[in-house]
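Please read the structure below before turning to the comments.
Any read-out appearing in this document is the output of simple, stated calculations on the displayed coordinates, not a laboratory observation. Bear in mind the structure is a predicted one, so any value in this text is a computation, not a measurement. Reconstructed Cβ throughout: ideal geometry from the backbone, glycine too, with neighbour counts over all protein chains shown.
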């Protein structure tokens, strides 16, 4: 019988080398998959990791996709380090987008210096507020946050569909399920004139840096880490477990809402029934690939953004199904978590007792 | 009649301690044999060797006249050695029969299992219904399942590890009747306990262990409970010369009528605990493990809040409903028994671990940020003052040996200038010189006017440090008496649960 036993000590080298190893294994496995479908195996690497960057505007597209992933990945890293498993960032992302979108529709004539800060606040409050439902269920009824946050993500999706096809539908939109376009001011300033680079691209790395300082240097970050590593020690020190759960959910939810807000106002310019390719779930992979370290989340977010572009390229150039992005990301997470298990545990054969 | 099992010169050494030192004992067929001793006397090690979990370094096991090497627990079961552990391994969602089936090895053993369960339970007076779901059963009923599971294999020797620690008195009586019946039908029983009355009532022969060695074989019925107690604890008094002259001031820590329900099924409820400790005084709380020490520690440190604020007072301030943070603000410092995961975070550096409990009293945070230089400096002082062997303040707690981490944790609280220090097992797992350093620091702290509570299972340690001693047994605390007036016999009786609670 195959059996796992703890190694006792984990190698620091492999902790950080694991993402690289996982990426290599993913290339191998998807290569085999390509070969099975009658296409050259090496095409995976070039299609997913190189072609998108060579395309016109490829870099710009990459950064626009990476921004929400990094923001959400940072928030999730903080929550996961505290042992709070928020799986529903997708729902908080949608609620942040709805709060901001609703506000932008309600104030079409507000100047930029008024509307942009309001939108940022709306995104944060929308996402955090939605996440706090999960925190309340956990602290009040001890309901598992993995289940409740995931289920609430689907509720959010239906709320979005209802609003966009119902009360918020653009009356002049020929019946399409979408709202009116937001004002130009609501889109916020561009980092480079004429480009698609919105304000969120500047926020994402700053948020990652702030989160890194918070986790490593602040009392709050210390409390969150202690609760994640040794809940008994957190009680001994006198940290309030419920307060930390509320905070971890509020931070991860707020950052997800912020990501949703920037995506709809800065990039899409209106609400539709499809607010993105599931950034909220991909952000979970980003967090783990970045080793739950806010600075590590930045390269991880860029890599996962690249797989979205690679998936598009695979559809267009090779005629593959759109499911290919999900497959690539899924295999990557699988390989990464598998490597993590093998870093901390040894696999061996054990005689049946 | 030839003996069923004979142990000769069993020796087992663990790093830093001799757990069994040439232990010999003989169990006759049909005998109920008590293995009596304090925590750490070496009972569990010996039983693990008999049941194949550990292997002895030296000595022989002679089973039914032939020398055997017991390879593993399965081999022990095949020989006819059954064991009922203190904590059960049952699946709550399954029925009794399903649980028993899971414990059996092969499909052949499961044929007609239900009928056999009923037959065994009827013939030994162990009422269990094979179709009940374990979830609904009491602790006593669950123990019966474990016993039935053993009996289905027709054991020749049944080992019971502190079986009554989880039972009500009535359930215990039922158990004794069953054990007597088993013995009369040919199954020997090795009965591990520290409860003296039980051993006298039930057992034919007793082997008494102390510090890894057998100190006596006797017939417990022929001894008084006090005689057994002093055998178990040992008579060697420490010279009273080592006692310091205590200077006591006003009471600093007062506990009055503190009752707390147990927080888990294996926990102990605290029942009407009262004591007070003055400045400059050390109160020792003795007792066998699992009699409420953990709960008392949690109640004093504020991890579990008392029902009334007035139940605990620190320098006359009611703190019963104040959390650990607030108690530290008033000068409370605590060293819990468990190091990694409770007193320290294994994966964090010593500096971060200093911050864990030192944040408030060490003023280690400003504007919500950790003052790293100051924290490192404090951790460094603990390391040098208490001779902690570590690669530095950045060493992770888990990289330290148990003794060194213990020195760091005791030293951490010492450096925070406590008004009241509550320390559990201060020298547990620490070598002699380190223990001495910790003891001296505790005495010095008391001399400077702090009130100190030492909770320990090591009676020698309490005799050495404490001015007054109280014993905790089944959640009840005896009235503290001056150490100079306490006899080991009296304390042994209290530890064995022979109540004299005034």
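Side notes on the structure shown:
- The calculated pair-distance distribution of the range A:1-110 uses every alpha carbon pair, bins of 10 angstrom beginning at 0, and gives 10, 19, 32, 25, 10, 3, 0 percent.
- Reciprocal of mean inverse Cα separation for chain B (Kirkwood radius, Å): 24.7 Å
- Put a dot 7 Å past the Cα of residue B:381, heading toward its Cβ, do the same for residue A:209, and the two dots end up 3.6 nm apart.
- Shielding by partners - mean other protein chain Cβ count within 10 Å, residues of A:234-245: 5
- Taking each DSSP H run with n ≥ 4 as -39500 (n - 2.57) and averaging over every residue of the protein assembly as shown yields -15000 deg cm²/dmol at 222 nm.
- Averaged over the residues of A:193-201, the number of partner chain Cβ atoms lying within 10 Å of the residue Cβ comes to 0.
- A P(r) calculated from all alpha carbon pairs of chain A, with 20 Å bins opening at zero, reads 28, 56, 15, 1 percent.
- Other protein chain C-beta atoms within 10 Å of residue C-beta, averaged over B:337-350: 4.
- Residues residue A:143 and residue B:479, FRET efficiency given R0 of 56 Å [Cβ-Cβ distance, rounded to 0.05]: 0.75
- With N the number of residues in the protein assembly as shown, Rg(Cα) / (2.2 N^0.38 Å) evaluates to 1.15.
- In terms of other Cβ atoms within 10 Å, B:91, B:386 run from fewest to most in the order B:91, B:386.
- Ordering B:184-191, A:14-21 by mean Cβ neighbour count within 10 Å, with the highest value first, yields B:184-191, A:14-21.
- Protection proxy ranking, highest mean first, for peptides A:155-164, A:76-85: A:76-85, A:155-164, where packing is the per-residue count of other beta-carbon atoms within 10 Å, averaged.
- Packing rank of B:281-290, B:120-129, where each peptide gets the mean count of other beta carbons within 10 Å, highest leading: B:281-290, B:120-129
- Residue order, fewest to most surrounding Cβ atoms within 10 angstrom, among A:29, B:50: A:29, B:50
- Of B:197, A:312, B:272, the sequence from fewest to most neighbouring Cβ atoms within 10 angstrom is B:272, B:197, A:312.
- Overall shape of the range B:447-502 was characterised from the C-alpha gyration tensor. The equivalent ellipsoid obtained from it has semi-axes of 20, 12, 11 Å, in decreasing order.
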